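Notes follow the structure.
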Amino acid sequence: MTVLLLRLAGPLQAWGSAARFVRRTTENAPTKSGVLGLLAAAEGRPRSADLSDLVALRFGVRVDQPGTRVRDFQTAHHADSGRAMPLSERYYLADAVFVAGVEGEEEVVRRLHAAVDAPRFLPYLGRRSCSPSRPLLFEGSLTDHSLEDALRAAPWQASRWYVRQLARTAAPLSRSSSDRAGSAEELDILVDCPPGENPDFSLRDTPVSFDPRHRQYAVRDVRTSYVEAPQHDPTAHLRRAAAPGRPAPATDVF
């Protein structure tokens, strides 16, 4: 089996599993239907295309930066009559970062990797208005490790400002530098529950058809765990001051 990992980062994301009518909610992490939709779009599949090969992939996600839930109100008009539609309420995750993975046969996964690298349709993070702010692929995106091992071993993708914020928040809570050195951020992991095991929760999140005339989704069982994020030095981005009389070296600003 081969695993493809995707970095899902953007100003806004929206991953609905039970959104209906005028209230469009979002889950706290990317859904299988949303990520498989992104992969299908990268391959250029029409919405009526068969999804059986994608549905067979095992799916998992790691929450590297949970983000903040925000609410927006939107209006729309009927395309034919021009009449105003009911005011809709839409929820998003702001400033979130996730690592999502799919596991399956090598040929299928490598084909998807090539499609994401050169997508036929632009990818988006759950809704068309939610564009990625960073490349979906990163070093180590394609691996022969199991899905769980790949999610645990992937580099922490959180933004640098978020890592520094965590360090500042954690410092006053620790009594000594040794306490701080031993503390680590715990990252939630959610994966498809293996057959025969008891799930932690379930979602109607497995796409059967993306056809807008007859969308269908089946129930997906999920198991949860966590992994400790790698330690980050909050001063690692700083550079040593230049010697007297020499210009200071350039440094990045984040």
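The values are calculated or read from the model by the stated rules, or taken from the named source; none is laboratory data. This structure is a prediction, so every number in the text was calculated from the model and none was measured. Every residue, glycine as well, gets a Cβ built from its backbone with ideal geometry; the counts of neighbours run over all protein chains shown. To get the accessible areas, we keep the full protein, side chains included, count just its heavy atoms, and leave off ligands, DNA and RNA. Shrake-Rupley method; radii C 1.70, N 1.55, O 1.52, S 1.80 Å.
A few points about this structure:
- In segment 81-124, of all residues being open to solvent by 40 Å² or more (accessible area, probe 1.4 Å) and of a type in the set (Phe, Trp, Tyr), the one that is farthest from Arg47 (Cα to Cα) corresponds to Tyr124.
- Scanning segment 38-60 for residues that are in a helix (DSSP H, G or I) and under 17 Å from the mean Cα position of the chain (by Cα) returns Leu38, Leu39, Ala40, Ala41, Ala42.
- Subset of segment 1-32 that is more than 24 Å from Ala76 (Cα to Cα), open to solvent by 10 Å² or more (accessible area, probe 1.4 Å) and of a type in the set (A, V, I, L, M) - its residue that is nearest to the chain's Cα centre (by Cα): Ala29
- Check on Val35, open to solvent by less than 40 Å² (accessible area, probe 1.4 Å), modelled with pLDDT of 95 or more, not small (Gly, Ala, Ser) and not in a helix (DSSP H, G or I): no
- Checking Gly245 against (1) at pLDDT below 80; (2) within 27 Å of Arg110 (Cβ to Cβ), the condition it does not meet: (2)
- Meets criteria (surrounded by fewer than 14 Cβ atoms within 10 Å (Cβ to Cβ), under 27 Å from Ser209 (Cα atoms) and in contact (Cβ under 8 Å) with a residue 40 or more places away in the chain) for Phe59: no
Okay, residues lined up against (1) open to solvent by less than 70 Å² (accessible area, probe 1.4 Å); (2) at pLDDT 90 or above; (3) more than 21 Å from the chain's Cα centre (by Cα):
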residue: Glu185; (1), (2), (3): yes, no, no
residue: Thr206; (1), (2), (3): yes, yes, no
residue: Pro212; (1), (2), (3): no, no, yes
residue: Val219; (1), (2), (3): no, yes, no
residue: Ser225; (1), (2), (3): yes, yes, no
residue: Ala229; (1), (2), (3): yes, no, no
residue: Asp233; (1), (2), (3): no, no, yes
residue: Arg240; (1), (2), (3): no, no, yes
residue: Val253; (1), (2), (3): no, no, yes
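- Of note, Ala96 does not satisfy the criterion of being of a type outside the set (Phe, Trp, Tyr), assigned to a loop (DSSP other than H, G, I, E, B) and within 12 Å of the chain's Cα centre (by Cα).
- Matching residues in segment 141-158 - criterion: being polar (S, T, N, Q) and either over 14 Å from Thr2 (Cβ atoms) or part of a helix (DSSP H, G or I) (or both): Gln157
- Criterion: without any contact (Cβ under 8 Å) to a residue 24 or more places away in the chain, under 23 Å from Val227 (Cα atoms) and of a type outside the set (Lys, Arg) - qualifying residue of Glu107, Glu103, Glu148, Glu139: Glu139
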